[in-house]
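Contents: one structure, followed by commentary.
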Amino acid sequence: MNPIISKKTIALGVVVILVFIFLLMTNPFSWNDAGNRTVVERTTGEQIVQFAPGLFYAGFFAKEKEWPNQISVTYQEEAAKAEIEDNGIEVGQIMIRFSDATTANVKGIVQFILPSDEKEMILIHNTHRTPNSLVAKRLAPYTKECLQSSAQLMSSEKHYGGGRAQMAQDFLDQLKEGVYLLKTEENVVFDSLEREKKRVYQTEIQYDKKTSAPKRKLSSIKEYGITVADAAVTDVDYEDKVDQKLTKIIDAVTKSSISKQELMTAQQQTLTAKAKGEQALVEIEYQQKQEQTRQVVEAETKVKVAEQDKLQQRIAYEAAILEAKKIKELADAEAYSKSRIMQADGALEMKLKAQIEVQKAWADAFSKYTGAIVPQFQTGAGVGTNGALNFMDIMTAKTAKDFALEMKNK
């Protein structure tokens, strides 16, 4: 059985539906995404800023505007884009002019951080109403002003020759602290490439005499509490005449480098040849000194050897003299001894030895004689005479006579 719905129940349901529709239309609650903050304008005129992400109470009929916590100003493309994408807005490439009046198109990016103070955020919201307006009216012009001021501090040639990092540093410093106050001085220099004098305007930073700090223009973002997270210059595209000039400079520098390298090579070769020559002279001198030393040592050795030989000869000579004296003395002693003996016995012993030898000689000769001892024919001789015996008698008589004669000698 279907229940009977009373009129009171139907009326209550209609009221609930109407309240729900009313709440949907008025929506006193809102949601803040991470990475954003929401500025709320209530019907009472009160303004609040919701920094924390998530659901929060905004109030009935409140107006809301989301702002990114960080806004990136990019200048990469040739044309600007009005819409914000990924918390960044493209403002188009920025043209800069160096101190030598040459120009270039610059690409880069700057990241700005919106303030965390509610009053400062409300001031930004009331002044610019939208992030696009903030970028177009404040952040982009300020970025361009800082970049152009940095470019005026150097020439395009200096920038190309190593001044990129310096310009990027000057750019970031001015973004954070304020634009430099500059002064320009006129100088006349000689252009070695074009071989003519040129009037050059040198731009320099003005410094406070008391603090020695750079003088600056009041920052247009500091008064709103906006800070700079980072800034980068990704590319610098010089105008055509700068490229042509740089090409000439590069060619000249290349030729100069080659000439310097050739000069250094020649100088090095000269030094090497000189060093080798000096080394050869040192070696020759060393060899000659070695030879001189060898000859000196050899001569000294010969002198010492000669002195030693002389000493040995002197010793041998003196020894020979002593030996000769000794022999003479021995000979004199022996002669004296023999003389005394001979005087004592009349040299009998020697005479006996001599006679013995003589007798042995003729006896030996006689014994070897094979001829006839007795003559075959005799005249007037007596019978029984023996020739051999007669010969021996004669020799015996002669010997006795010799001994008798010698015996008379004292």
| field | Hz values of 3J(HN,Hα) by residue in segment 30-45 - Karplus curve (6.51, -1.76, 1.60), Gly and Pro given as x | value | 9, 10, 10, 6, 5, x, 10, 10, 10, 8, 10, 10, 7, 5, 7, x
| query | Are any of the pairs K107/K255; K63/K222; K197/K255; K63/K137; K209/K245; K144/K245 more than 30 Å apart by Cα-Cα distance, and if so, which? | reply | K107/K255; K209/K245
| query | For V179, which sequence-distant residues (separation of 5 or more, or a different chain) have an amide H within less than 5 Å of its own amide H, given hydrogens modelled in the peptide plane? | reply | K217
| request: Kindly write out, for segment 283-296 in residue order, the coupling ³J(HN,Hα) from the Karplus curve 6.51 cos²θ - 1.76 cosθ + 1.60 (θ = phi - 60°), rounded to whole Hz, with x marking Gly and Pro. | output: 5, 4, 4, 5, 5, 4, 5, 4, 5, 4, 4, 5, 5, 4
| task | Can you spot the aspartates and glutamates whose alpha carbon is less than 14 Å from K326's alpha carbon? Ignore those fewer than 8 places along the same chain. | result | E318, E334
| Just for the Cα atoms in segment 69-238, what are the lengths along the principal axes, largest first, rounded to whole Å? | 60, 43, 21
| note | Expressed in angstrom and rounded, the centroid-to-centroid distance over alpha carbons for segment 75-112 and segment 233-305 is 52
| request: Set the Förster radius R0 to 51 Å, insert the Cβ-Cβ distance between I394 and K325 as r into 1/(1 + (r/R0)^6), and round the FRET efficiency to 0.05. | output: 0.50
| query | Is the shape of segment 8-164 best called rounded, prolate or oblate, per the rule: a/c under 1.5 gives rounded, else a/b larger than b/c gives prolate, else oblate, with a ≥ b ≥ c the square roots of the Cα gyration tensor eigenvalues? | reply | prolate
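Here, each number is a calculation from the coordinates, and none is a lab measurement. This structure is a prediction, so every number in the text was calculated from the model and none was measured. Note: ideal-geometry Cβ built from the backbone for every residue, glycine included; neighbour counts use all protein chains shown.
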